[in-house]
Structures are given as structure tokens and as C-alpha cells.
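Asker: Pasting in a structure now, in C-alpha cells, and then I'll have a few things to ask.
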Amino acid sequence: MTDRELEIKAIGLRKRLLGVIVGAGAGHTGGGLSCLDILNVLYNRVLKVSPETFTDLHRDRYVQSKGHCVEALYTVLSDRGFFPPSDLETVCHYQSHYVGHPTRHIPGIEMNTGALGHGLPICIGMALAGKMDRAPYRVFTLLGDGELAEGSNWEAALAGAHYQLDNLVAILDHNRLQITGPTKEVMSTAPLAEKWQAFGWDVREVDGHDYTELTEALTNAPAAGKPLVVIANTVKGKGVSFMENVPKWHHGVPSSEEYEQALAELNQLEGAA
Amino acid sequence: MSAPAPTMFTPEAKALMESLGLTQGRPNLEVFSETLLELAQDDPNVVVVTSDSRGSGKLVPFGNALPQQIVEVGIAEQNLVGITAGLAACGKKAFGVSPGCFLTARSLEQIKNDVCYSDVPATLIGISSGVSYGALGSTHHSLHDLAVLRALNNITIIVPADNTETREAIRVASTAPSPMFVRFGKAAMVDLPREKSFELGKASVIREGTDVAFLATGETVIHALLAAAQLEGEGIFSRVLSMHTIKPLDAEAILRAARDCRAIVTVEEHLVHGGLGEACASVLMHAGMAKPFRIVGIADEETVTGAQADIFRHYGISMEGLTETARALLVQA
């Protein structure tokens, strides 16, 4: 698929994502919209995994550390055929397997996440297993920027460099907002690139909504002997004008009016594409 | 003048041990690491993860023999559990080894989510647990671990009472499809007599009797056995069970003990809350079995300073203490 085709697909995915959140009556709208393009690129261009190969030992692994944005992951996995789109209607419903954070009950999901600061240590273990087995797979995780205040990330950052895990990629959904407000006011992570460099990681910084930049950063060969962090600069609420960069949409659920308005905006974009 | 080294057993207890023909074994941790090395030599997927704990975990020989199968994470217990889970999720039979006090407190969330909830075949080994670290104090004691792990779904909890139970527990763990926690202390263990071989989830019968039942676990079982032997001299016949599997608990053995015996004493190197004793009480109450009952463990207070032997004696985890508890309880029976 071309960049343009993926961008058009992303409009449809955003509409479905909002539908899932409205149907669930809960969800993480802003962060879902900020990481959706990253997931779109991962599952359509980068990850060597499909519904057919999900149990292969040599599949690429993806662990969503920012588990609260599971609705975006569900939307993309469903689009890739891991499960029927109709399943999305049950998200967060009584007795549904589709919980409000990732679980291994769902085809395509590797680990149960949701408590922050867990994905990177898990991925260190997965990448170490790959090295031990001389397996070709790569291991990817998606972190939030507010999540970086969890100290376990930095324990793992040390280990990633120590073990020279060049089969490991951490993607940072750097949308600069968390539930309380701007991350730089809650607990600053600056200077971000320098921090990861100081920890011994290869650092690539991209526009997290630019398909060419994301694709290059995630597919170009990693620096030998170094884990890679891709700092993806994103916009929380991306794609819906009244949600962009507004903290309340962290886990705001659109009213029917807001939903209609968001769909109208996205339909217009789709029509113009 | 230096203080005399505390001993775990009084001369009377030692004499009784000798008369019972009990033989001195080794610290369980040594047997753990030896067993793990044997398993790992046969299976390259057996890996061990340490947090600057290979020395205290007796894993130096393992590291020397199989450097590719040991992962050092430094002093970072949260990372230790996350990494162990990640290894286990990718086909490794991963053993995460760290002092019980840190492993089950600092990284409890990782145990809960990355191991139990994600249901990976990882085994966590709590070393130097209970009050093994003695006078180092409460930072280094794990008297909460059984309580917190019992409250997690999807983890088997084992506390071996001797070298045999240790060896068997580790063998079981190496092929277990789901999470396990195995708890070790530091002391050299006495080999316990048992009628049947180790079976996960089934209490080991160490001694038969129908007056008092001692339901004990880990390093306390020997004290229960000695108390039982001493009580026999007074015409009191005691049953001693090694409750090596704390979860799933052998409810059948507990209820059988309640049916057969006049009183029940539980013994554990753990706070009196949330551990073996309360687990047994719950089984009994649900079954409507009311018997004179005592939980012997560490009191809910700032633990007294001392070596493990001092602390055991202080809280009545000794032949003498348990004999006294049993006698007092039988008066009510």
C-alpha cells in the first residue's frame, strides 16, 4: 500500500475507533487517535506477523505498553483480519473477551498490559529470548510519554543497552499530554532524545503522523548492537479538530452530538481524499 | 565479649532428632540450584534471571557452567520479573530468582500482570525468605509474601520443607505450563521422613497421629515434627503434615486432619495474617468443622531483632513452643 492509501485507510480506522469507544461507553480517545498512524504503519508495513503466522515462533512481537489505548489496537487488528469487526461491538461489555486493556484472549495480542511501565521490561525478555535462539524476529513496544515517569522503564533502558538488543524497538507516542495536563508540567521528560542517547540507545525522531518518516524509522536497519527508540511526535486527538491537544479527551467519550461532528469531519476528509 | 551464636535447636531437640534417626540435609537453595543446573544442561530453554543475586541464590556454579542461560539484570527487581515474563512468553522456561522480600513486594505488580494475568510459564524463586535474614531486620524479611501471592489469581505457591520437596518442586516447575512461586530460606534442612513421594497440591504426611494435627510449612516443619515426637512421650499422638503447596491448598488433608484429630495447630514462617493458618481456617469454616485451633507464626508487630533461630523461638516456632501450644489447646478439646 502507498502512503496515500494508508493515510486514507487511517481515516476509516479513526471513524471505527470512535465508534468502538462510543459503543463501549469508555475508552482512551485522545491517545488512541495519537497512536493510530503508528499502529497502521506497524501492522501494514513493519511487523512480520499476520493472523496466519501469529503462533509462529519467529513472528515479530508487539507489546502495547500504553495499554489504555487498546481501542486503537483492536481497530487495527480487526482491520488486519485477526478477528471479525463485529467483535468490536462487544468491547467492555459484560462477559466480553474484549477488555478495556490488552489481553491475550484476543488473537494478535502478545501480553496483558495496562499498568504503565511494564511493556519495555517484558520486551527486553522477549528480545533476549530472540538473541538466545538466534531468531530473526524483532520486538516492538509502544510507550506513552507520561508513562516514562515510571522508573521500571529506565531499569529496562539500562538492560536494553547492556545486552545490545538491536532487535528491540521502543516507539514513543510523544503527544505531550497526560491526564492531568501537559507532560512537561506534570513531570518533564526533557531532554528526551538526549536521555535515551545517554542510556546507550539509537534515537530516531519522526513526525508520528507522517507515513514516510514512520516507515523509514521503523524499517531501516538498526544501529548494530544498539536498541532503537523512535520518538514519534504526535498530536493527542489527531484527526478531530475539537479533540486535538485537549487534555479532557484523554479518556473522554464523545456524546452522540460530538460523535456525529467528528464523523462529519472525517467523512469530509475521506471525501476529499 | 561477643554474643553466643544462636542455635535453632536446644540440646533436648537435637537429642530427639538423633533418636528419631533424622539426618542433616543441605540448604534448600543449594539443592534448587543443583537441580536447576541439571535441568538446564538437558534443556537449553531453561534460563535463570538474577538481580545481583546469583551469589545468594547459590547460582554461581550455574552461571559458570551455562553462561548463555543466565541473565543478570542488576539490582532491579521490577525489571527482573518483566524480563522473566518476556522470556517465558517466547518459549523459555524462565526462573526469576531474587530475595523474597524484594521480589514479592517491589515487583508485585509485575508478578500480578506480567506473569499471572498474562499466564506465562514463569517460575519465581523467593530466596532467603521469611526471617532468614534475621537481624538485618524487616526490610529484609518476607512475612507478607504468601498473603499477597495467595490473593493473586493463577499462581501455584510452594514452600518446600526439605531437600526432597525442593528437588521435586523444581522439577515440576520446569515443565509447568503456568506461573509458580517457590519460597526458600537459607538454613540447612533436616531430611524429613515421608510415606509417599512428593505430589504437587497434596500435603506430605510426615507423621501420623490423632490427638493434635500440626499443619506446618517450609522451615517450620521440622519443629512440628520434634514437638510431635516430644508429645508422644506424654501419650499425645500428633499428626504432622508438610503443607508444601500453599496454593492450591490440600483441603482434603486439612479436613481429614480435622476429622481425625482433636486439635489443629498451623505453623508458618509468615505473619499470622493471610498465610497458611488463615487459609486452613477458611477451609475448616467452609466445611463447618469447628476444632480447637491455633495459628503459630510471626505476630502482627515490628518483628523482634535477632537471628532466625531467635525469632523462631520468640514466636514459639520451636519444639518447646509448639509442644506448649499443643498442650494448652488440648485442654480445650
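The values are calculated or read from the model by the stated rules, or taken from the named source; none is laboratory data. Every value quoted in this text rests on a predicted model; they were computed, and no experiment measured them. Every residue, glycine as well, gets a Cβ built from its backbone with ideal geometry; the counts of neighbours run over all protein chains shown.
Asker: How many residues does the stretch B:53-71 hold that are within 20 Å of B:D114 (Cβ to Cβ) and either away from chain A (no Cβ under 12 Å) or polar (S, T, N, Q) (or both)?
Answerer: 1
Asker: Checking A:Y137 against (1) of a type outside the set (D, E, K, R); (2) part of a helix (DSSP H, G or I); (3) surrounded by fewer than 24 Cβ atoms within 10 Å (Cβ to Cβ): exactly one of these is not met. Which one?
Answerer: In the conditions (1) of a type outside the set (D, E, K, R); (2) part of a helix (DSSP H, G or I); (3) surrounded by fewer than 24 Cβ atoms within 10 Å (Cβ to Cβ), A:Y137 misses (2) alone.
Asker: Could you please give the count of residues in the stretch B:99-132 that are polar (S, T, N, Q) and within 12 Å of another protein chain (Cβ to nearest Cβ)?
Answerer: 4
Asker: Return the residues of the stretch B:278-298 that are surrounded by 15 or more Cβ atoms within 10 Å (Cβ to Cβ) and not in a strand (DSSP E or B); say none if nothing qualifies.
Answerer: B:E278, B:A279, B:C280, B:A281, B:V283, B:L284, B:M289, B:K291, B:P292
Asker: Follow-up question, since we're still on this one. Checking the condition over 23 Å from B:L59 (Cα atoms), modelled with pLDDT of 95 or more, surrounded by fewer than 21 Cβ atoms within 10 Å (Cβ to Cβ) and not aromatic (F, W, Y), which residue from B:L152, B:L143, B:L136 passes?
Answerer: Going through B:L152, B:L143, B:L136 in turn, just one is over 23 Å from B:L59 (Cα atoms), modelled with pLDDT of 95 or more, surrounded by fewer than 21 Cβ atoms within 10 Å (Cβ to Cβ) and not aromatic (F, W, Y): B:L152.
Asker: At positive phi, within 14 Å of chain A (Cβ to nearest Cβ) and modelled with pLDDT of 95 or more: which single residue out of B:G82, B:G74, B:G96 fits that description?
Answerer: Every option except B:G74 fails the conditions.
Asker: On the basis of being more than 10 Å from chain B (Cβ to nearest Cβ), outside any helix (DSSP H, G or I), under 26 Å from A:A232 (Cα atoms) and modelled with pLDDT of 95 or more, does A:G100 make the cut?
Answerer: It is true that A:G100 is more than 10 Å from chain B (Cβ to nearest Cβ), outside any helix (DSSP H, G or I), under 26 Å from A:A232 (Cα atoms) and modelled with pLDDT of 95 or more.
Asker: Sticking with this one: Only one residue in A:E205, A:E244, A:E155 is of a type outside the set (S, T, Y) and either out of contact with any helix residue (DSSP H, G or I) (no Cβ under 9 Å at 6 or more places or on another chain) or closer than 22 Å to B:A76 by Cα (or both). Which one?
Answerer: A:E155
Asker: If you don't mind, there's one more thing I want to ask. Considering only the stretch A:174-182, I want to know if a residue exists there that is at the interface with another protein chain (Cβ under 10 Å from one of its Cβ atoms), under 30 Å from A:G252 (Cβ atoms) and modelled with pLDDT of 95 or more.
Answerer: Within the stretch A:174-182, not a single residue is at the interface with another protein chain (Cβ under 10 Å from one of its Cβ atoms), under 30 Å from A:G252 (Cβ atoms) and modelled with pLDDT of 95 or more.
Asker: A follow-up question, please. Go through the stretch A:19-65 and count every residue that is under 29 Å from A:M243 (Cα atoms), in contact with a helix residue (DSSP H, G or I) (Cβ under 6 Å, 6 or more places away or on another chain) and not in a helix (DSSP H, G or I).
Answerer: 5
Asker: Go through the residues of the stretch A:90-107 one by one and say whether even a single one is within 25 Å of A:H162 (Cβ to Cβ) and either surrounded by fewer than 19 Cβ atoms within 10 Å (Cβ to Cβ) or among the polar types (S, T, N, Q) (or both).
Answerer: no
Here's the yes/no breakdown for (1) outside the structural domain of B:R313 (by TED's automatic domain parsing); (2) within 25 Å of B:N154 (Cα to Cα); (3) under 23 Å from the mean Cα position of the chain (by Cα); (4) not aromatic (F, W, Y):
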position: B:L59; (1), (2), (3), (4): yes, no, yes, yes
position: B:G74; (1), (2), (3), (4): yes, no, no, yes
position: B:N79; (1), (2), (3), (4): yes, yes, no, yes
position: B:A89; (1), (2), (3), (4): yes, yes, no, yes
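Asker: If you take the residues of the stretch B:301-333 that are of a type in the set (G, A, S) and under 19 Å from B:G134 (Cβ atoms), which of them is surrounded by the fewest Cβ atoms within 10 Å (Cβ to Cβ)?
Answerer: B:G306
Asker: Any chance you could count how many residues in the stretch A:22-45 are in contact (Cβ under 8 Å) with a residue 40 or more places away in the chain and hydroxyl-bearing (S, T, Y)?
Answerer: Looking only at that region, the number is 2.
Asker: Which helices (runs of 4 or more DSSP H) sit wholly inside the stretch A:143-241 and have at least 2 residues that are among the hydroxyl-bearing types (S, T, Y) and out of contact with any Leu (no Cβ under 7 Å at 6 or more places or on another chain)?
Answerer: A:211-219
Asker: Now for a separate question. Does A:A223 meet the test of being surrounded by fewer than 16 Cβ atoms within 10 Å (Cβ to Cβ) and in contact (Cβ under 8 Å) with a residue 24 or more places away in the chain?
Answerer: So A:A223 passes the test.
Asker: Among A:A159, A:A129, which is the only one that is free of Cβ contacts under 8 Å to residues at least 12 places away in the same chain and facing chain B (nearest Cβ under 9 Å)?
Answerer: Only one candidate passes the filter, namely A:A129.
Asker: Could you list all residues from the stretch A:151-166 that are closer than 19 Å to A:R134 by Cα and crowded, with 24+ Cβ neighbours inside 10 Å?
Answerer: A:A159, A:G160, A:L165
Asker: B:T220 fails exactly one of the following numbered conditions: (1) assigned to a loop (DSSP other than H, G, I, E, B); (2) within 30 Å of B:K186 (Cβ to Cβ). What is the number of that condition?
Answerer: Looking at each condition in turn, B:T220 falls short on (1).
Asker: Go through the stretch A:87-110 and give me each residue that's among the polar types (S, T, N, Q) and closer than 15 Å to B:A89 by Cβ.
Answerer: A:T103
Asker: Spot the failing condition for B:I127; the list is (1) in contact with a Pro (Cβ under 7 Å, 6 or more places away or on another chain); (2) crowded, with 24+ Cβ neighbours inside 10 Å; (3) free of Cβ contacts under 8 Å to residues at least 60 places away in the same chain, and only one is missed.
Answerer: Failing condition for B:I127: (3).
Asker: Quick one: which strands (runs of 3 or more DSSP E) sit completely within the stretch B:121-213 and have at least 3 residues that are under 30 Å from B:F237 (Cα atoms) and over 12 Å from the mean Cα position of the chain (by Cα)?
Answerer: B:204-207
Asker: Further question on the same structure: Could you look through the stretch A:132-156, keep only residues that are of a type outside the set (A, V, I, L, M) and in contact with a Phe, Trp or Tyr (Cβ under 9 Å, 6 or more places away or on another chain), and pick out the one that is farthest from the other protein chains (Cβ to nearest Cβ)?
Answerer: Looking at the filtered set, the residue picked out is A:F140.
Asker: Among the residues of the stretch B:251-268, is any surrounded by fewer than 23 Cβ atoms within 10 Å (Cβ to Cβ), in contact (Cβ under 8 Å) with a residue 60 or more places away in the chain and part of a helix (DSSP H, G or I)?
Answerer: no
Asker: A further question on this structure: B:N45 passes all but one of (1) within 14 Å of chain A (Cβ to nearest Cβ); (2) touching a strand residue (DSSP E or B) at 6+ places or on another chain (Cβ under 8 Å); (3) surrounded by 20 or more Cβ atoms within 10 Å (Cβ to Cβ); (4) polar (S, T, N, Q); which number fails?
Answerer: Of the numbered conditions (1) within 14 Å of chain A (Cβ to nearest Cβ); (2) touching a strand residue (DSSP E or B) at 6+ places or on another chain (Cβ under 8 Å); (3) surrounded by 20 or more Cβ atoms within 10 Å (Cβ to Cβ); (4) polar (S, T, N, Q), the odd one out for B:N45 is (3).
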